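No lab work stands behind these numbers, since they all come straight from the coordinates. Keep in mind that this is a model prediction, so the values were computed, not measured.
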Amino acid sequence: MGIKPTIDITANEMLGSVRAHGMPRPNALAVAMPHQMATVPAPVPFRTPATSWGAKRLANYHCALTDMTNAQSGYLRARAELSKSFVAAARAANEVAELPEICESDTQIRRINRERDFLNARTEVEQARYGLYATQNEVDKLRKPRIKKALRTNAAAIDALMKAKIDMEALGEDTRGLDETLHILQHS
């Protein structure tokens, strides 16, 4: 193993680099930088054999080690895939066992959806009916003042028809036509 090289940076060197890059203001407080030490690790030495036979042997050893590591990682990946397949098969078998419950819940979902659609249709009909009634009420509110005004203007006609009816009754004539007309004028 070798000696780990160290890099020492002093506070003065740090302050010098600060002044070079950004000039501090003259009235700024100068604070000394703490002493910092950074360690750079040395690379691990690699053994080199002295003979070519030793180098070939070492190369064969590393190739065999690589092949064995790849084979082991392939084996572990295959075992992981086997366990994933086993989990998937167990889930599928469990779903097959739960098939009657799944079908029953699907039926309930369809029934609930039909009920929801029916309720939505009824709501739309009720809203349309309410809109019709509200519109009719608004029309009646607009008509009432006009009807009252018309009744006030029809008062002279009603009085004249009443006088005519009394005269016709006194003479013994039929007043059904006058009665209908009076009824329409009084209730409109």
Open item on the list: Using only the alpha-carbon atoms, what does the range 58-149 span along each of its principal axes? Please give whole angstrom values in decreasing order.
Closed with: 119, 37, 7
- [ ] Please state, rounded to one decimal and in Å, the Kirkwood hydrodynamic radius that the range 100-187 gives when every pair of distinct Cα atoms enters the mean of 1/r.
- [x] 18.5
